[in-house]
There are 2 protein chains.
Amino acid sequence: MPRPCTVPPPVTSVLEAAGTWLPAGMAAVEERLAELTAGHGAALAGDAGATLAAGGKRLRPMLVLVCAGPGGGESAARAATAVELVHMATLVHDDVLDGAQLRRGEPTVAARSGRRRAVATGDLLFSRAFAELGANGGTRQVELLSATSVGLALGELAQRRDAYDTDISADRYLERCGLKTARLFECACLLGRAGKGSGDEPELASFGRGIGLAFQLLDDVLDVTGPPQRTGKARGTDLLDGTVTLPLIFAREEDPSLADVELRGLDEAGAESVCDGIAATGALDRVRALAREEVEDAKRALDEAPLSREERELLRLVADGVVERYS
Amino acid sequence: MPRPCTVPPPVTSVLEAAGTWLPAGMAAVEERLAELTAGHGAALAGDAGATLAAGGKRLRPMLVLVCAGPGGGESAARAATAVELVHMATLVHDDVLDGAQLRRGEPTVAARSGRRRAVATGDLLFSRAFAELGANGGTRQVELLSATSVGLALGELAQRRDAYDTDISADRYLERCGLKTARLFECACLLGRAGKGSGDEPELASFGRGIGLAFQLLDDVLDVTGPPQRTGKARGTDLLDGTVTLPLIFAREEDPSLADVELRGLDEAGAESVCDGIAATGALDRVRALAREEVEDAKRALDEAPLSREERELLRLVADGVVERYS
């Protein structure tokens, strides 16, 4: 498979709109991430370094920094680093779980170095995340990130339990997305706030959950539409892994033949053909519309949030970036 | 394989010697562990519950409680729970890494429910550990446990790097044990102290490291001697996994034929025969002697530690328990 063009980060507009504090903060996070992966010997440098260098949108650290605001300083950068480390850890572990070969167009740690090293590498990144928060002082951030990490793992367990079950409901799917994706976005917002306030602002929590959910919905659409050159993975990767997502759930309402698909033993050609079947219905547009609604609701939640005008404006731009990336 | 007799915990003597506060604290930890594994739905209850119910010596939580002393209360119980959760998480993940079928005579989570669920279950236990500390307030405990968890993962990565290399040195082996085992014992002691003091007492750190190292040395002897009815796993499990431990390193000095063993592709009969070869040298006695020395040094380190007479006496009994369990 040709190396895909890296999708440009959806966050350029945010960086341009912000004062110098935000690009400076993002640079500090990037430096810290590079330092941490280089500072543990060759094994981690190779494996986690590859995950790191493969890029990623750094949406979660950006949410931390924006919610912490211009005065966030080093403490905000550490929390932002922590949230990205947890995200990276889950990616590395998910790739062990999925047996995925490619991540962002690069070989996964599991494919590169074996499952054993991938499990340990994920554990290391995860531990480093809590070490960053420990250095910050205050326990609200530890509470937030650990509760979120519990959710991530429960989401993964739920996904395993649901695997190959083409009957699962939209509600069940949304519950899983809440645990697996939306909570880390919510956590990122509250982590930023915990450095300067209570870290318990319900409007910000809603905002984070909403854009996280939209992000996941659009990612699931992308798994169906591809193209692989853009996504860095084969179309229908979720199906091959037995994971039923909202596009299939909506599509099977229109095309009952999709309800009878046998996911076990599906090969790549079979997965592509199911993807074509889904795309032939109106399901993808319905999912995209739902994602846009979530983003609009999320932006409305910001109106009541205790934010400065600049912070509110920047968060709106982040929200738009989530949608634009996929449009 | 018949279900093994559970090795009696080496800690009975400690419980008997302590005031009621210690048995009460251990019971609180047990209750909390049961609660946490029951409180996350069927998946965790089944998998982590099995790991939990299979017992284990609970040496690490006991170290936390003893070091926290009679006034440790709920905060000490939470820290003790956290350290056992991290220990359980590493067991669950190690079994994924090793492809081990049995743990404490029971099927491992990986064998029972597949590697995918085992990775997620380990992540969940790990996250819950930090959630316990987050609830405690204060950041020294988070610092200690996260730095230790980084060490555990680095130790695992080092073990993977060294796999199948029969040339590795005793120093390299000891360094790995330091990361993989000794640090969590050290951390347990300091965690207990962090609730009432600095959590930075060098004598207690030495004590913890020493008994942790002895524990690992004796565990590695047991992997060679078995019997499986006692250990709950086949003899030579380490060898089958490509892990070279001190018994083989010492034995190859006496019997050069052992230096040429090809660990890749070794089968169970082959592993048993290497175990017999090791046992025929004086290596096992040398390793046992080294473990006893470590324990004696550890006990001496206590003389200077800022402890009450009762705490010091109890820690000495824990140290003796580590040796006695294997004698």
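Computed quantities for the displayed model
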{"read-out": "Point-to-point label distance, B:Asp276-A:Ala27, nm (Cα→Cβ direction, 7 Å offset)", "value": "6.8 nm"}
{"read-out": "For a label point 7 Å along the Cα-to-beta-carbon line of B:Asp167, residues of the range B:213-253 with backbone N under 19 Å", "value": "B:242-246, B:248-253"}
{"read-out": "Cβ-vector label at 7 Å, B:Ala38, separations to other copies in nm", "value": "5.1"}
{"read-out": "Centroid-to-centroid separation of the range A:257-327 and the range A:148-211 [C-alpha atoms, Å]", "value": "15 Å"}
{"read-out": "Neighbour-limited loop hits for trypsin sites (Lys or Arg not before Pro), the range B:211-271 (at most 14 other Cβ within 10 Å; DSSP other than H, G, I, E, B)", "value": "B:Arg264"}
{"read-out": "Dipole magnitude of the range A:263-327 about its Cα centre (Cβ charges: Lys, Arg +1; Asp, Glu -1), debye to nearest 20", "value": "100 debye"}
{"read-out": "Exam field: B:Pro306 pseudo-label spacings to other copies (7 Å along Cα-Cβ), nanometres", "value": "3.7"}
{"read-out": "Set A:Lys180/B:Lys233; A:Lys233/A:Lys299; A:Lys57/A:Lys233; A:Lys57/A:Lys299; B:Lys57/B:Lys180 screened for pairs whose C-alpha atoms are more than 25 Å apart", "value": "A:Lys180/B:Lys233; A:Lys233/A:Lys299"}
{"read-out": "Check: the protein assembly as shown dipole with +1 on Lys, Arg Cβ and -1 on Asp, Glu Cβ, in debye", "value": "620 debye"}
{"read-out": "Dipole-positive endmost among A:Val261, A:Thr12, A:Val224 within the range A:12-320 (Cβ charges, Cα centre)", "value": "A:Thr12"}
{"read-out": "Reciprocal mean inverse distance between Cα atoms of the range B:225-284 - Kirkwood radius, Å", "value": "11.5 Å"}
{"read-out": "Anisotropy class of the range B:95-250 from Cα gyration tensor, a/c 1.5 cut", "value": "oblate"}
{"read-out": "Electrostatic dipole magnitude of the range B:164-307 [Cβ: Lys, Arg +1; Asp, Glu -1; Cα centre; debye, to 20]", "value": "600 debye"}
{"read-out": "Ellipticity estimate at 222 nm from DSSP helix runs (n ≥ 4, -39,500 (n - 2.57)) divided over the protein assembly as shown, nearest 500", "value": "-23000 deg cm²/dmol"}
{"read-out": "Using a 7 Å Cα-to-Cβ projection, B:Glu254 label spacings across copies, nm, ascending", "value": "7.6"}
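Laboratory data are not the source of any read-out in this text; all were calculated from the coordinates shown. Since the structure is predicted, the reported quantities are computational estimates derived from the model, not experimental observations. Every residue, glycine among them, receives a Cβ derived from its backbone with ideal geometry; neighbour counts consider all protein chains shown.
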